[in-house]
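Derivation of every value follows stated rules applied to the coordinates shown; laboratory data play no part. Since we're looking at a predicted model, the values are computed, not measured. With ideal geometry, Cβ positions are generated from the backbone for all residues, glycine too; neighbour counts draw on all protein chains shown.
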């Protein structure tokens, strides 16, 4: 995974969220009575406190605003990657799912209420690939994400394990789903990826990391990624289908940056390739990784 990481700073977030919710309005998606309507109110209260010179970290703590900050960034990232892509009919049902769900990140559960944030992860992956220039295909039901990279069809199965115990199951389920897609596609030019959002596994309470320097945050994310890859090496190695080229991992930290006293959401996405793949598959991994890197950096703000 490259050392670069996207950084969205709190001071930009209020206006960016406003643009994202206006996008929802234009798509006919009612959000004001959902968690995103309440997140908007929370961010406005934070912004008022900032303009009044009140300590932002203390105010965020009092308002229990760390989850809203985190989730608002999710919608902002999706909006910045997908607005204007002529995918409205395809995106609308996914965005309707996204704005539903419980307010609290920690109150969702795998049996009923995590569909909203699952849709959010799918949309974030789609946004990343679209930002990088891949053509998003609107193949409903073929896979969570279908994109075109030159002559290669890229399909992605997205998983958000709720705990470390669920990581192996997520990989196994995605592996079987991809294998089914290959049989249905009957084309050798299809390459698959398993996408894992490890944010909840690494930070189940969505707490803020305080008084830390930016370079330390990037190092912390890298250490978490390396730990997961090492711990689940057997799960990686169980994926035998050559068309499945690797695992796309997403990790993130919501941090109070010590040196400039800003609230930042710092996140990284990168691919862990599987060994023993053909030169063609390795080439696709490199191309998709490059695409993800470009998307991450184009979304960074300071």
- Message: Can you compute the modelled spin-label distance between residue 45 and residue 164, with each label point 7 Å from Cα toward Cβ, in nm?
- Response: 3.5 nm
- Here the relative contact order (percent) of the chain, from C-alpha pairs under 8 Å and at least 6 apart, is 23 percent
- Query: If one takes the longest principal axis of the Cα atoms in the chain, at what angle in degrees, from 0 to 90 and to the nearest 10, does the Cα axis of helix 115-131 lie?
  - Reply: 70 degrees
- Ranked by how many other beta carbons lie within 10 Å on average, peptides 84-90, 244-250 from highest: 244-250, 84-90
- Task: Specify the angular offset, from 0 to 90 degrees and rounded to the nearest 10, of the alpha carbon long axis of helix 214-231 from the longest principal axis of the alpha carbons in the chain.
- Result: 40 degrees
- Return the single residue from 151, 278, 104 with maximal mean-square fluctuation; model: Gaussian network over the chain, springs between Cα atoms under 10 Å. 151
- Which order do 75, 24 fall in if you start with the one that has the fewest other Cβ atoms within 10 Å? 24, 75
- Query: So what are the radius of gyration and Dmax for the Cα set of segment 152-302, in Å?
  - Reply: 16.6, 54
- Task: Estimate the FRET efficiency between residue 230 and residue 19 by the formula 1/(1 + (r/R0)^6), using the beta-carbon distance for r and 41 Å for R0, to the nearest 0.05.
- Result: 0.55
- Within the set 114, 203, 237, GNM on the chain using Cα springs under 10 Å gives the largest fluctuation to 237
- By DSSP, what percent of the beta bridges with both residues in the chain are antiparallel, rounded to the nearest 5? 60 percent
- Query: Top mean-square fluctuation among 290, 176, 79, Gaussian network model of the chain, C-alpha springs under 10 Å?
  - Reply: 176
- Item | Helix 88-98 axis, angle to the chain major axis (alpha carbon atoms, nearest 10°) | 60 degrees
- Item | Length gained when the stretch residue 148-residue 207 is fully extended (0.36 nm per residue, less Cα-Cα span) | 17.6 nm
